[in-house]
Amino acid sequence: MTESNKTATLTIHGKEYELPVHSPTAGPDVVDIRKLYGQAGVFTYDPGFTSTASCDSTITYIDGDKGELLHRGYPIDQLAAKSHFLEVCYLLLYGELPEAKALETFETTITRHTMLHEQMQYFYRGFRRDAHPMAIMVGVVGAMSAFYHDSTDIADPHQREVASHRLIAKMPTIAAWAYKYHTGQPFVYPRNDLDYASNFLRMCFSVPAEEYEVNPILSRAMDRIFTLHADHEQNASTSTVRLASSSGANPFACVAAGIACLWGPAHGGANQACLEMLEEIGSVDRIPEYINRAKDKDDPFRLMGFGHRVYKNFDPRATVMKQSADEVLDLLGIENNPKLQVAKALEKQALEDPYFTEKKLFPNVDFYSGIILEAMGFPTSMFTPIFALSRTVGWVSQWKEMIADPQNKIGRPRQLYLGETNRDYVDIEKR
Ligand code: SDX
């Protein structure tokens, strides 16, 4: 393929085709192949979409080589240090940091949407107590379309706005109630005098038998964890939400699809899998055994919380998370946490091993998050629900951007067919 100033030339079966090349504000140029099949009668082939842009977007940009993550242009480390989750939600949804009055109005709106329809409690009661909270969240979020009919018409901008606010506001309640149901403790209702992170902690950890004081260290750490997971370009679960939305499905059903995709251990389920891996390794002296297993082509074991499709340098979220882990454990007086010791030694040994450095495998967002969440009192089964809670604003922001795009059409990939060609039915007595 040769490239002129704004086009690329593709030669197929001896014939040349001119394809437009679009330049981004940041990142690689893209070759526009939308007319390729019509002009040349061929498909492109890219399982896993390693070289394929599915859309254009203005929300989040990742520079994998630099290890840079920008939300509407603002670096994640600055947002984690100086902003807070609901302000980041506003930024992702509306494109700019809010002025004080706009932020106050937004926070009040979210706060006043945190309660669930009272009948949704019966959904929880249909699950076994040992149901994974992600199974409950997929079911309850999908069921929201049966309770919030007045915000399912995606053609109505006002209803899209209301659905966005409801999803962001209610996810902490949904996740907390999944945890409470699992423990057999009564549901705790949200309180309007608490901030987003404090409300979530109180709904998870308070019991009617005594007063619950939110620890400001924990609520600040919780809020930062929400921010670090808020959005991440066209990752698997966001792409799932976009594809589901492209058929015109309602936002609750689309976010439920995103939750289901996030659950996988290769994606958002890696935080739970990583902590379980650290538990299994158990001590620093067993690290070489597991590093060898991760390098062994015949062993399916991989270092959970390591590697990334886009980052070929440190995941900037992991860097902030690692600092936060040190702070939170220190402030909580948890010294010599064995899992943190193993995690740090594992990171050091892996990054001294050519297998990982040559493949550019670094810790990702899931490598340290579980250590903080466990120190805060969460069971490993709640790690991915917390990721889903945080990522809801990303899913919703990307969904709103897509729905408002006049070019938006149903997503329908093609395939490289390798099956049987046309053949006649054979009666059973002749087989
Ligand atoms: C998230 O997309 C996003 O943005 C996701 C996310 C978000 O915020 O939405 O960042 C959140 O999902 C983070 C990733 C969490 N998953 C894990 O930590 C699970 C462990 N990591 C991997 O399974 C893997 O690294 C992926 C899934 C994250 C990325 O896989 P890719 O891009 O498809 O890369 P690959 O599987 O082709 O791996 C390339 C090579 C392979 O070796 P070769 O076949 O080339 O010899 O690197 C090896 C892999 O075997 N490899 C690993 C490894 N990850 C990749 N080897 C050991 N341990 C690992 N963790």
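In segment 292-318, the residues that are surrounded by 16 or more Cβ atoms within 10 Å (Cβ to Cβ) form Cβ pairs under 9 Å with partners that are polar (S, T, N, Q) and assigned to a helix (DSSP H, G or I), at six or more places apart or across chains, as follows: 304/271; 304/272; 305/271; 305/369; 317/369; 318/369. Does at least one position in segment 403-412 carry a residue that is surrounded by fewer than 16 Cβ atoms within 10 Å (Cβ to Cβ), modelled with pLDDT of 95 or more and not small (Gly, Ala, Ser)? Checked against the condition, which is being surrounded by fewer than 16 Cβ atoms within 10 Å (Cβ to Cβ), modelled with pLDDT of 95 or more and not small (Gly, Ala, Ser), segment 403-412 yields at least one hit. Return a yes/no flag: does segment 251-270 have any residue that is touching a helix residue (DSSP H, G or I) at 6+ places or on another chain (Cβ under 7 Å), more than 12 Å from the ligand (Cβ to nearest atom) and of a type in the set (Phe, Trp, Tyr). The answer is yes, given that some residue of segment 251-270 is touching a helix residue (DSSP H, G or I) at 6+ places or on another chain (Cβ under 7 Å), more than 12 Å from the ligand (Cβ to nearest atom) and of a type in the set (Phe, Trp, Tyr).
Scanning segment 273-313 for residues that are near the ligand (Cβ under 8 Å from one of its atoms) and under 22 Å from the mean Cα position of the chain (by Cα) yields 273, 274, 302, 303, 304, 305, 306, 307, 308, 309, 310, 311. Looking only at residues in segment 207-238 that are open to solvent by less than 50 Å² (accessible area, probe 1.4 Å) and among the hydroxyl-bearing types (Ser, Thr, Tyr), the one that is farthest from the ligand (Cβ to nearest atom) is 219.
Quick one: would you say residue 241 is away from the ligand (no atom under 11 Å from the Cβ) and farther than 30 Å from residue 412 by Cα? No; evaluated as a whole, the condition is false for this residue. Could you grab me the full set of residues in segment 157-206 that are open to solvent by 10 Å² or more (accessible area, probe 1.4 Å), among the aliphatic types (A, V, I, L, M) and assigned to a helix (DSSP H, G or I)? Listed by number, the list holds a single entry, 162.
Restricting segment 315-325 to residues that are out of contact with any strand residue (DSSP E or B) (no Cβ under 6 Å at 6 or more places or on another chain) and within 16 Å of the ligand (Cβ to nearest atom) leaves a set whose member that is nearest to residue 65 (Cα to Cα) is 315.
Quick check: is even one residue across segment 341-358 surrounded by fewer than 20 Cβ atoms within 10 Å (Cβ to Cβ), away from the ligand (no atom under 16 Å from the Cβ) and not small (Gly, Ala, Ser)? The answer is yes, given that some residue of segment 341-358 is surrounded by fewer than 20 Cβ atoms within 10 Å (Cβ to Cβ), away from the ligand (no atom under 16 Å from the Cβ) and not small (Gly, Ala, Ser).
Evaluation of residue 419 against the conditions (1) part of a loop (DSSP other than H, G, I, E, B); (2) open to solvent by 100 Å² or more (accessible area, probe 1.4 Å); (3) without any contact (Cβ under 8 Å) to a residue 40 or more places away in the chain shows that the sole unmet condition is (2).
Scanning segment 374-386 for residues that are open to solvent by less than 10 Å² (accessible area, probe 1.4 Å) and within 15 Å of the ligand (Cβ to nearest atom), which turns out nearest to residue 337 (Cα to Cα)? Going through the qualifying residues, I end up with 383.
Just one of (1) touching a helix residue (DSSP H, G or I) at 6+ places or on another chain (Cβ under 9 Å); (2) closer than 30 Å to residue 331 by Cα; (3) assigned to a loop (DSSP other than H, G, I, E, B) fails for residue 209. It is (1). Considering segment 326-340, the residues that are under 17 Å from residue 276 (Cα atoms) and not charged (D, E, K, R) include one that is nearest to the ligand (Cβ to nearest atom), namely 340. Checked against (1) surrounded by fewer than 20 Cβ atoms within 10 Å (Cβ to Cβ); (2) under 14 Å from residue 380 (Cα atoms), residue 275 meets all criteria but (1).
Where helices (runs of 4 or more DSSP H) fall entirely within segment 39-153, those with at least 3 residues that are in contact (Cβ under 8 Å) with a residue 12 or more places away in the chain and open to solvent by less than 30 Å² (accessible area, probe 1.4 Å) are at 76-82, 85-94, 100-111, 133-143.
The values are calculated or read from the model by the stated rules, or taken from the named source; none is laboratory data. Everything numeric here is computed off the predicted structure, so don't read it as measured data. Heads up, the Cβs are rebuilt from the backbone with ideal geometry, glycines too, and the neighbour counts pull from every protein chain shown. Quick note on the areas: whole protein, heavy atoms, side chains included, nothing else; ligands and nucleic acids left out. Shrake-Rupley method; radii C 1.70, N 1.55, O 1.52, S 1.80 Å.
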